[in-house]
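Asks: Below is one structure. I have some questions about it.
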Ligand SMILES: Nc1ncnc2c1ncn2[C@@H]1O[C@H](COP(=O)(O)OP(=O)(O)OP(=O)(O)O)[C@@H](O)[C@H]1O
Ligand SMILES: [Mg+2]
């Protein structure tokens, strides 16, 4: 990356760094002292309930939303002073759809490329390439309203790559997609990561986070409440396996295991070695139960699910 | 890319959109002044006493020359009220644009550029119509184009401030009925400013009056009053700059936080 060679050497492998990052909206502290370091080439996840501050962080990284306090660098640059340079080198998939409704798929990409400084001819070629890549060449003349939600999402993703970005910020890229479309996006994102792009991925889909993220952090009310690699987080907060028992029933949960109740179901987190003990106890009292491996959803619920946010 | 180049890209996007329905748009630009000219110029104009008009002018030419400026005002204003508001709210176009190297203030300058271009083209239709109906329009009217562009840029910028502060389309009516319509009626489009007697001088610095004076002189092949030229080169750009800043400040709060 010759363009970033003037960045401090220590920063070279870190595409995003934040220290004590804060953002207030009036009295509300949306982001409250977040530390973060995203390495080049990794997919870094931002998880957290609604209103946790994920989009606010993304917009600060995007150099659109000014920060209230703290340090932040993106590609070694300061979003406060070098916003245009940063935005020239990143791609953004926003939460929701902001394609231009009056323009065809082709023109959406083409005009966007022009915003990044591409010449007329170059922009046209780039837009065609990206539509090809999104497998939407045959729909190039359609306007967004004529396309399905999944197709629009693919165009938005393609649009984020119009400037051959080094860093992609993805804010809930697969929300409202059907399983096929979601898998397709995942395949894409994996491919981009293999090509060396760095990804900052916000998602509510724990399966997605587990599949794609090398590391992630869980936010709640603007603060980081957990950080790490998905398997480590699972191990730490949800052990190895989970038994689900319908609540309203009672049985003495052995002291050694951790359990929690959400929405009418009791979740028991335990090590594989404890399986016999637990299932024995449950069978003895005649309660139906399900056993499965622990996953990131368990981690998320354990960390943030104590009260439901509206 | 430099700041102005980035604004130009925004303007190009709008121009591209406009081209998609330019036929209808241009037809409207010609039809509207033609209708006004027919009603006011040929109809009412016949009943008017020429002695109050400048030398060498009938009412049709008098009114038509004022219309050159007022069409620019109206067209630029409407574009940056309704058009810009739709782009900002309904279509999230602003949000998409500021995710690129283009900043919010550059987007707004681009919007004002577009309003200026579109409105200037619309206003060009007026002298064309005047010539077609056989009025002796001086070729010097072409020199008025830069003044029209500046005037339209000014009204485009003012409309952005109003748009930025409006919760919905309904609010534009306050600006249209309380500012634009009175300006249209009292800036010398319909009657000479001399009618205001001692207040005529004050009426001459109203932005639309500045444009009307310039176009009216040029239609007759005369050099416009120095004051109008100076105001066009100083007051209008200065206020445009201020309005663009105010619009940016409000939109920064509203769209970004
Ligand atoms: N422009 C703004 N003005 C005022 N408050 C804001 C603004 N943007 C965000 N907030 C508030 O900041 C908090 C964090 O919002 P943010 O959008 O960052 O959450 P999020 O984690 O992305 O949530 P979600 O999962 O629902 O997308 C919320 O309480 C939100 O209401
Ligand atoms: Mg969000």
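The values are calculated or read from the model by the stated rules, or taken from the named source; none is laboratory data. Owing to the predicted nature of the structure, the values given are computational and were not obtained by experimental measurement. Please note: Cβ atoms are built from the backbone with ideal geometry, for glycine as well, and neighbour counts cover all protein chains shown.
Asks: All but one of (1) away from chain B (no Cβ under 14 Å); (2) surrounded by 17 or more Cβ atoms within 10 Å (Cβ to Cβ); (3) more than 16 Å from ligand 2 (Cβ to nearest atom) hold for residue A:161, so report the exception by its number.
Replies: (1)
Asks: Next question, about the same structure. Which of the residues belonging to segment A:84-103 are surrounded by fewer than 19 Cβ atoms within 10 Å (Cβ to Cβ), closer than 19 Å to residue A:143 by Cβ and more than 7 Å from chain B (Cβ to nearest Cβ)?
Replies: A:96, A:97, listed by residue number.
Asks: Moving to a separate point now. Pull out all pairs, ordered by first then second residue, where Cβ-Cβ is under 8 Å, the residues are six or more apart or on different chains, the first lies in segment B:239-257 and is in contact (Cβ under 8 Å) with a residue 40 or more places away in the chain and within 14 Å of chain A (Cβ to nearest Cβ), and the second is within 12 Å of ligand 1 (Cβ to nearest atom) and in a helix (DSSP H, G or I).
Replies: B:255/B:95; B:256/A:59
Asks: Pick from A:217, A:197, A:212: which is within 16 Å of ligand 2 (Cβ to nearest atom), crowded, with 19+ Cβ neighbours inside 10 Å and either within 14 Å of another protein chain (Cβ to nearest Cβ) or within 15 Å of the chain's Cα centre (by Cα) (or both)?
Replies: Criteria check complete, one pass: A:217.
Asks: Then there's this: For segment A:166-253, please list each of the helices (runs of 4 or more DSSP H) lying entirely inside it that holds at least 3 residues being outside the structural domain of residue A:98 (by TED's automatic domain parsing).
Replies: The qualifying helices (runs of 4 or more DSSP H) are A:230-238.
Asks: Here's a follow-up. Being near ligand 1 (Cβ under 8 Å from one of its atoms), farther than 20 Å from residue B:249 by Cβ and either in contact with a helix residue (DSSP H, G or I) (Cβ under 9 Å, 6 or more places away or on another chain) or more than 11 Å from chain B (Cβ to nearest Cβ) (or both) is the filter here; which residues of segment A:47-65 pass it?
Replies: A:48, A:49, A:50, A:51, A:52, A:53, A:54, A:57
Asks: Any idea which of B:27, B:99 is in contact with a helix residue (DSSP H, G or I) (Cβ under 8 Å, 6 or more places away or on another chain) and farther than 20 Å from residue B:192 by Cβ?
Replies: Just one listed residue meets the conditions, B:99.
Asks: Here's a follow-up. List the number of the failed condition for residue A:117; all other conditions in (1) at the interface with chain B (Cβ under 9 Å from one of its Cβ atoms); (2) outside any helix (DSSP H, G or I); (3) closer than 29 Å to residue A:177 by Cβ hold.
Replies: (3)
Asks: From B:163, B:226, which residue is closer than 17 Å to residue B:74 by Cβ and more than 14 Å from chain A (Cβ to nearest Cβ)?
Replies: Being closer than 17 Å to residue B:74 by Cβ and more than 14 Å from chain A (Cβ to nearest Cβ) holds for just one of B:163, B:226, which is B:163.
Asks: One residue is enough: does segment A:140-158 have a residue meeting the conditions under 29 Å from residue A:77 (Cα atoms) and assigned to a loop (DSSP other than H, G, I, E, B)?
Replies: Scanning segment A:140-158, I find no residue that is under 29 Å from residue A:77 (Cα atoms) and assigned to a loop (DSSP other than H, G, I, E, B), so the answer is no.
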